[in-house]
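The values are calculated or read from the model by the stated rules, or taken from the named source; none is laboratory data. Values in this document were obtained by computation on a predicted structure and should not be read as measured data. Positions of Cβ are generated from backbone atoms using ideal geometry, with glycine treated the same way; all protein chains shown enter the neighbour counts.
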Amino acid sequence: MSYLWESGLGVDLKGQVVSGRGLAAAELLSLKDQVQTIVQEPLCPGSLNIILNHPVRLLDAAGIEFDFDYRTLWRASLGGINVWVYRWRESPLHIVEILSPVHLRERLNLKNGDTVTLRMSKRQIGKIHFLERFIWAALWAGRRHWFYSHKSYSNRTVRFGKELGATQERPAFRRPIAGILHIEGIVAMRRNTLSKSLLKTGSLPRKE
């Protein structure tokens, strides 16, 4: 089955390949029957993890939800191969995980750090409001890779992001005043994390 991209309606999302934490394989294995009902083809175990260059919110209505609407799959194309983009509600806006019937690292000769282009439809892309984009930048700008490499920072940051609209799931209501007040705490949290990393390693972790 081919995914047809209408002329002028395609969007290229660029990002870098990274190693994940091995969570997708276990999570999706427990939901194998639901996933197979959606994709209608055998998939390789696990996922290809991509850190997008910019935050992107995908429209749940343009995908197929499962696991009580907690997770969603969207059709896409990567390197000319038809794939599925996988996200969950708390997924940061720069994180996508790719499911495929072929082993993408082998087929496309990919290694960590390689830049890839994910092709999606404009109809799958949602809006990110100014405050949501501002919150995302406060949490992740210069630290996009930390979602996978710094578990403690990631866990706390995802909680902030979900509450303030910087994850795949937009909050049911916006609290702009609360969002602004949280910025000071977010900045302090990042400074504290940096200080701990410096004390442990003697140098700052890699920025982008």
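Does T117 count as surrounded by fewer than 17 Cβ atoms within 10 Å (Cβ to Cβ), β-branched (V, I, T) and within 25 Å of E132 (Cβ to Cβ)? Full working, then the answer.
Values: surrounded by fewer than 17 Cβ atoms within 10 Å (Cβ to Cβ): yes; β-branched (V, I, T): yes; within 25 Å of E132 (Cβ to Cβ): yes.
For T117, the condition - surrounded by fewer than 17 Cβ atoms within 10 Å (Cβ to Cβ), β-branched (V, I, T) and within 25 Å of E132 (Cβ to Cβ) - is met.
Could you grab me the full set of residues in the stretch 43-58 that are in contact with a helix residue (DSSP H, G or I) (Cβ under 6 Å, 6 or more places away or on another chain) and either in the same structural domain as V158 (by TED's automatic domain parsing) or closer than 13 Å to R89 by Cα (or both)?
L58
What do you reckon, is E27 under 18 Å from the mean Cα position of the chain (by Cα), modelled with pLDDT of 95 or more and acidic (D, E)? Walk me through how you get there before you give the answer.
Numbers: under 18 Å from the mean Cα position of the chain (by Cα): yes; modelled with pLDDT of 95 or more: no; acidic (D, E): yes.
No; evaluated as a whole, the condition is false for this residue.
Go through the stretch 63-177 and tell me which helices (runs of 4 or more DSSP H), entirely inside it, have 2 or more residues that are under 16 Å from N49 (Cα atoms). Before you say what the answer is, go through the steps one by one.
Values: elements: 104-107, 130-140, 146-149, 151-164.
Here the list reads 104-107, 146-149, 151-164.
State yes or no: is K111 modelled with pLDDT of 95 or more and of a type outside the set (A, V, I, L, M, F, W, C)?
yes
Could you list, in sequence order, the residues of the stretch 3-18 that are surrounded by 11 or more Cβ atoms within 10 Å (Cβ to Cβ) and modelled with pLDDT under 95?
Let us first name the residues in the stretch 3-18 that are surrounded by 11 or more Cβ atoms within 10 Å (Cβ to Cβ), namely 3, 5, 9-11, 13-18.
Answer for the stretch 3-18, where residues must be surrounded by 11 or more Cβ atoms within 10 Å (Cβ to Cβ) and modelled with pLDDT under 95: Y3, W5, L9, G10, V11.
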